[in-house]
1. Taking the mean number of other Cβ atoms within 10 Å as a proxy for protection, how do you rank B:66-78, B:38-50, A:377-389 from highest to lowest?
2. Would you kindly work out the equivalent ellipsoid of the stretch A:30-83 from its C-alpha gyration tensor and give its semi-axes, the square roots of five times the eigenvalues, largest first in whole Å?
3. Just need the relative contact order of the stretch A:311-450 here, percent rounded to a whole number, with Cα pairs under 8 Å and 6+ apart.
4. Mind checking B:11-20 for the average number of partner chain beta-carbons within 10 Å of each residue's beta-carbon?
5. If you line up the long axis of helix A:339-356 against the longest principal axis of chain A, both from Cα atoms, how many degrees apart are they, to the nearest 10?
6. How much of the calculated P(r) for the stretch A:317-395 lies past 16 Å, in percent of all Cα pairs?
7. Residues of A:393-400, mean number of Cβ from any other protein chain within 10 Å of their own Cβ, rounded to a whole number?
8. Among DSSP beta bridges lying fully in the protein assembly as shown, give the percent that are antiparallel, nearest 5.
Amino acid sequence: MKFFVSSFLPDAPASRAPRAGDLRGVTSGLRRRLLILLIAPLTVLAVINAWIEYRSADNVAAEQDQRLLSLVPLVADSVIGQSGERPLLMLAPPLEEFLKERSGSAAYAILDVDGKVLHGESWLQGLPPPDSTPETHSEEHEGATWRIVRQRQLTVLGEIVVAVADSSDPRQQWARSIFLRVLLPNLVLIAAAAFAVRWAVQRALKPLLSLKEAVERRSPRDLSAIDGAASPEEVRPLVDSLNRLFRMVDAQTESQRRFVADAAHQLRTPIAGLQAQVEAWAQAAGAAPREGSLALPTEQLYKLRSATRRTSQLANQLLALSRADARAIHATPEQRIDLKSLCEDALESHLDAATARGIDLGLDAVCVQVMGHEWLLRELLSNLVDNAVKYSDEGGTVTIRCGRRGSAPFLEVEDDGPGVAAAERPRILERFYRVQGTQGEGNGLGLAIAEEIARVHGSHLQLQAGAAGRGLKVTLSFTG
Amino acid sequence: MRLLLVEDDVMVASGIKLGLSNAGYAVDWVGSGERAEEVLRTEVFDAAIIDIGLPNMDGLELTRRIRRPEMASQHTPVLILTARDALQDRVQGLDLGADDYMIKPFELPELLARLRALLRRSQAATSAVLSFGPIELDTANRRASAQRNGQAVPIELGPREWTVMEYLLINAPKPASKDKLLQALTGWDKEITPNAVEVYISRLRGKLEPYGVALRSIRGFGYRLELRASDGE
């Protein structure tokens, strides 16, 4: 005989632990959006700022040209005579000051109209402008960019060309200043904004996240309302909608449960009648058929009886399941229950079934008391023992146990039957689940009911292989 | 044996009646509590099987009324039939004077077994002879015997063996717990140990064996009288 029946836990997937990734997803999404919304205008502002700076740098460059241009006549005026080929100069004070001020980055030269240098920096030679309008251009020299102005001037020596150059390029300074004055503050601002957004989002979303955690933490069965008072005003409508949804789901679950209970209850009366009849026939099977009666083969009558028994068990278990599920159970007070006498009763009521299959049904019970619902625990134990006896091999061993492990009282039923593969164990707690290849009369509800009852007692069933890795051991540990 | 069946559902009632008749009981069937009360007032039954869910006067009320002194069946053992989801009723029923309960729907062999146990207990309370299979214990004369080939063969039992045997027979076919046996024996010996129980059990085994009665150990619990040759369902 192969193993096993039963059980349920329809909401197993829903009771998974909350996924931390989801939580992060919410904040990072908002944070990203806020960052983009804040940083985009900041960047636009920075660009505008840079553009204004760029314009002002243009002005600076124009000023530089203007200044160089104003120096040209001063150079021309400084020519006071000629000594040989070279002109004789007496530098005008503003010119002298200019050269002194920027020694190394300022230069001048006096050229003849052919562009030959008569005085000053020889590298400033070059074709003079064609007429008296000044000519301005930039030129690379010794790794620096020079701004050079050339203009024809009339001096005591006749027409010459004056070249004045300045390598203190304001455009380069501008590049530096634009970094210091525009980009750096903007970068600092953006970085500060990013930090501020991060902090603000975390602060602002905290109530929302704790609400989310509260929703995720609750068991699928807990459909009570969330306390809206603890949430900020903006979140309260969300809490209200959630609570409304909870109420609706709760009402629906409850009406569905009641429907199952009513249906099972209604079914039992005709089934009881059917069973009473079939049981009587099966009992009389084999006896000489009486007048006016239909003789049925004994084999068929036994099959009929077995089917009827299964049907009635199913109706009973459906009812038990829906009763255990009822919210009303949680409302009724728990009583002090002696687990040992519960185990003894279970042994007594299953002894005949076990004996019929040659199974050694035994007890390993220590006196221990728990708070709980007696008829539910009786039902739980009965289902566990029933399963163990039904699915163990003939001549096997089933042990009902109770006692304490550490400080926790426990109830346990162990068999040495074919057991259930580890991978399949969680599934046997699902409603109507039956192990592949299982024979026998199970309907797949026994363990589901037991699990439901365990849940009512704030615990759940633990499934393990029995001693020596054989069979199945189902344990209910009570908390505290 | 004459039984009264109080059940309003015709299908259930006729099924049970048929099953009980097949098992050799004489069954009177009534469909209401009021009618049952009338019958029980004047007639004596060996046992009554009462459904809790009767119209008007329910089974619990009927059970309460049966125990009144003016009822002829005042001491009739009562087996109540109840729905599984009404276990509260069961407790109440037992408080009101029912002797056992069964959850509907039920299997006939179990009903028969419960009924046998009920009748046995009721007999034990009223008659002096306890029996199990071929074994008989005449408590009035403190004589134990076994039926073999139509003859009563006496069985010699020591006083402590007698106590153990008596307790086992009262409980049969249910198992008797070792703790309870120990308690029963402390009347003889305050210092009795669990090992001593085992000694008496093993002696009894030897004495019962020849008559096809086994004393089976129920691991971790106690002992049960069983007939060696399976008597079917």
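Each value in this text was obtained by applying a stated rule to the coordinates, not by laboratory testing. Note that the coordinates shown come from a computational prediction; the quantities given were computed from them, not determined experimentally. So basically every Cβ, Gly included, is an ideal-geometry build from the backbone, and we count neighbours across all protein chains shown.
1. Working: B:66-78: 16.5, B:38-50: 19.2, A:377-389: 24.9.
Taking the mean over residues of other Cβ atoms within 10 Å, the ranking is A:377-389, B:38-50, B:66-78.
2. On the way: eigenvalues 553, 11, 3 Å².
With the √(5λ) rule applied to the stretch A:30-83, the semi-axes are 53, 7, 4 Å.
3. Numbers: 211 pairs, mean separation 34.4, N = 140.
With pairs under 8 Å counted, the relative contact order is 25 percent.
4. Details: counts 9, 9, 2, 4, 10, 7, 2, 7, 9, 2.
Across the residues of B:11-20, the mean count of other-chain Cβ atoms within 10 Å is 6.
5. Orientation of helix A:339-356: about 60 degrees from the principal axis.
6. Working: 1745 of 3081 pairs.
Tail of P(r) above 16 Å: 57 percent of Cα pairs.
7. Mean number of neighbouring Cβ atoms from other chains: 1.
8. Details: 72 of 97 bridges.
Bridges in the protein assembly as shown are about 75 percent antiparallel.
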